[in-house]
Structure formats: structure tokens, C-alpha cells
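Novice: Mind having a look at this structure? Questions to follow.
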Amino acid sequence: MELRVRDGRAVLAGEDESGEREVDPHSLPLGADLAEALHEWAKVADAVVRTETPADGVANALVARRGKQLAGRIAAVMNSPVLYTDPVSGELVSVEAPDSPAVAGPEPAELVGEEEVAEPTPWGTGLTVSFITASIVTVTVVSLSLGLGETSRWLALVANVLVVGGLAPSVWLGRKVPVWRWVAYGVVAGVLVAWLALILTLLQA
């Protein structure tokens, strides 16, 4: 069985009497939570590929890591190895089933990147990272918008849309990953503050 991304949807490919077939995860006994998680990952992976982010980008690494985690969950449920095709690099990896088969159900915290309940949340360090990230994003977006706005306001608007569109996949994947989630929060806050500042600037003009 092989996990792939096809047109923004997760599919599982396998061989039968008629040859190779690709099926929707919902058609297999994987559990609704796992099937939905697969499709959510596939949508983000497809967006990352379409934006043509650099091969060493954060979004690419998160897509690959999340895909391997989901392939591991499938292997655990099916109790058999699963091949995983990285939608960004095209690399084919075999993910083995764990020693004890897992039961399909709610996604474990360690697989979605959340910290365990017993581990305290590093609010001080995390908020500091978010603040620094938000400051950098705010200054960057405002400077870019004001610079382009002197030429054309429409050009500035298009630039903002492209910047946010490029950041969206990384932010969406990073929202549940320890450490990177604080960066994601900072990016969102920075973009919102920058847009608010631009709106106030336009109203005073």
C-alpha cells in the first residue's frame, strides 16, 4: 500500500487482480479521524507544491514530517508496511508498522505535534519568539506595501496577497508543531498588525 497526494486529495494505492488501484482513505477501515487528517495534509501539501517554495523551506519539511507520521498511523492500523511518496520531493519511503498494532481513533498528541499534557507550555519563551516574529513580519509587510504603494495601490494589494498566500501553508502546518507554532502565531499577528497599520495610513491620507 502506498500513500500519495492526487489533486489535493490523499489516496492509497495498491495492487489487485485488475492492476493498480487508488482508493479514498474513507473507503478503508482507518477511522474517520485518520481519513480526515490525511485529506487535510494533502490539501496543504498540494498548496506547498503549487507555490513552488524552496526545497529546503520550512513548509516542505513540515509536509514531509506530517506525511511520514500519517503513513506510520496507517501502517499501525493496517499492521503492514506502508510506502509514502513525498509530494514535494517525490522521494519514496517505506514506513514500517510498530510492534503493537494501533487502533484507529483520535489522533495521539505526539503525532499532531502537540506537547504532552504533563509537559508545561513555555509561555515566556514562546511569546518572545512570537513577538520577535510578529515585529519582523510587520515591518517587512508595511515597508513593502508603502514602497509599492507609491507606484500603484493595486500593486501593493497584489503583493500583500502573494506574501500571505506564500506564508499560509507554513502557518497552517506549523500551528500544531512545538516551537514552530510560536513562529506561526507571530506571522499571523504580524500580518494583521501590518494590515491594520496600512488601513490607518490610508484613512489619514
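Novice: Sorted by mean Cβ packing within 10 Å, highest first, what order do the peptides 167-178, 79-90, 18-29 take?
Specialist: Values: 167-178: 20.0, 79-90: 16.3, 18-29: 11.7.
Ranked by mean Cβ neighbours within 10 Å, highest first: 167-178, 79-90, 18-29.
Novice: Moving on. How do Glu36, Glu15 rank when sorted from fewest to most other Cβ atoms within 10 Å of their own Cβ?
Specialist: Lowest count first: Glu15, Glu36.
Novice: Taking neighbour Cβ counts within 10 Å as the exposure measure, how do Glu17, Glu2 sort from fewest upward?
Specialist: Placing the least packed residue first, the sequence is Glu17, Glu2.
Novice: If you don't mind, there's one more thing I want to ask. Going by C-beta contacts inside 10 Å, put Asp7, Asp46, Asp33 in order with the fewest on the left. Display every interim value, and only then the final one.
Specialist: Numbers: Asp7 7, Asp46 19, Asp33 13.
Listed from fewest to most nearby Cβ atoms, that is Asp7, Asp33, Asp46.
Novice: Next question, about the same structure. Give a residue-ordered list of calculated ³J(HN,Hα) values for segment 128-145 (Karplus: 6.51 cos²θ - 1.76 cosθ + 1.60, θ = phi - 60°; whole Hz; x for Gly, Pro).
Specialist: With the stated coefficients, segment 128-145 comes to 5, 4, 4, 5, 5, 4, 4, 5, 5, 5, 4, 4, 5, 5, 5, 4, 4, 5 Hz.
Readers should treat all values here as calculations from the given coordinates under stated rules, not as data from a laboratory. All values reported here derive from a predicted model rather than from experimental measurement. Cβ sites come from the backbone with ideal geometry, for glycine too, and all protein chains shown count toward neighbours.
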